[in-house]
Amino acid sequence: MLHGPLRPMSSLFVEQSPPMSATEQLLNRQEIATDLFLDVREDAGVSEAEYQSYRKRIEALLRRENAVVVAHYYTDPWIQRLAEQTGGYVSDSLEMARFGRDHSATTLVVAGVRFMGETAKILTPDKRVLMPTLEATCSLDIGCPSDEFSRFCDAHPDRTVVVYANTSAAVKARADWVVTSSIAVDVVDHLADRGEKVLWAPDRHLGSYVQAQTQADMLLWDGACIVHEEFRASGIRDLKRVYPDAAVLAHPESPAAVLELADRVGSTSQIIAAAASMPQSTFIVATDRGLMYKLEQQVPHKRFLEAPTAGRGAHCYSCAHCPWMAMNQLDNLLHCLEAASNEIRVPREVAKAAMRPLDRMLGFRRAQQPSAVA
Ligand code: 13P
Ligand code: SF4
């Protein structure tokens, strides 16, 4: 599926790295993340009775605080279920941003990772945005520090800066466009049609995929998602031998070799839509296993298999579940509401600058789909 020449993979980024490069920092954080994930997994067992007790207390607090829960598909099933059963929302990062902005609640409880909380705050500065934990970050965000990124942009003033939503507010503030995985190909295609050259950050796999789809002139930052990078083409091929009729659905943060095997590549929402509309009854899914909850709920008559992360060269740092998404639990969600803690704050000037490229993305979506609320 992927063809077309790759542009240089941010050689300047490598040249400009300080002694402890972003990649080294990332690897360091990966080890920490793995430990955290294992801890979380050990503690994650919640009985139905415990869930109902949490739900009752959280529901009362949501009413008291005029708040609503907005959760990402990768959070644990208990969190997704809680959001759904309390009038909140579960979706991909683009729809989370839109839902939070348009909802009448004055407090948003964002169950996801930090950039999602920041995006909500930037789009709705008058709302209070709380998160179950402020520690939940993203390897793409960590791997793209704003000062290094700013130098990279300065070195390429002729390029339109397009950043993935999985970045800090400060990185967004330096961008011309923000995109999510559901809209990245369309936006870059539009820029390429206008003859613009693109500087892309931070996910190199998504960047390569977008470039192959659009043939745009793209210079890529060298970042990756620790979850999706672990999927292995060899493992998927092995699974296909057992399930030859299964279709492969992959998130574009996965490596090119995995995307080449995919019958459909798309964002989390696009994967769910593909599973519902494609004729196959079995699917191998290369994305965070948190999505299984929604897939099984929305497409109950079909079968979903997790794409393997094992195989040659695999590390299984995350074993297909984002360690930072897994930090969102019922107890810390309850606590952040009770104590009104973990409030997201974005400096006014940064928020103002980051609002422009975010608004552009939402405006682009509205022009594409006039029925969308954006
Ligand atoms: P979506 O934009 O598809 O929700 O993905 C966000 C993300 O973090 C993927 O790893
Ligand atoms: Fe970031 Fe990957 Fe986690 Fe998504 S799954 S939040 S890209 S580390």
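None of the figures in this text is laboratory data; all of them are computed from the coordinates on show. Bear in mind the structure is a predicted one, so any value in this text is a computation, not a measurement. A quick note on method: Cβ atoms are made from the backbone with ideal geometry, for glycine too, and the neighbour counts reach across all protein chains shown.
Structural remarks
- Averaged over residues, the count of other Cβ atoms within 10 Å places the peptides 49-59, 269-279 in the sequence 269-279, 49-59, highest first.
- Reachable lysines, given that their alpha-carbon falls under 17 Å from the alpha-carbon of LYS240 and they are not under 8 places away in the same chain: LYS302
- FRET efficiency for the pair ARG241 and VAL46, taken as 1/(1 + (r/R0)^6) with r the Cβ-Cβ distance and R0 = 35 Å, rounds to 0.45.
- Euclidean distance of C-alpha centroids, segment 104-141 and segment 278-311, integer Å: 27
- Label-point separation, ARG348 to GLN298 (7 Å along Cα→Cβ), nm: 4.0
- Net charge, ALA274 excluded, C-beta distance under 14 Å - Lys, Arg +1, Asp, Glu -1: +1
- Packing order of peptides 119-129, 224-234, highest average first: 224-234, 119-129 (average count of other Cβ atoms within 10 Å over each peptide's residues).
- Anisotropy class assigned to segment 266-367 is prolate, per the alpha carbon gyration tensor with a/c at or over the 1.5 cut-off and a/b larger than b/c.
- Modelled FRET efficiency - R0 41 Å, ARG356 with SER277, Cβ distances, 0.05 increments: 0.70
- Restricting the chymotrypsin sites (Phe, Trp or Tyr not before Pro) of segment 116-164 to loop positions (DSSP other than H, G, I, E, B) with no more than 15 neighbouring Cβ atoms within 10 Å leaves nothing.
- Gyration tensor (alpha-carbon) shape descriptor, segment 228-306, a/c threshold 1.5: oblate
- Two-site label geometry, ARG194 and GLN368: point separation in nm, points 7 Å out along Cα→Cβ: 1.5
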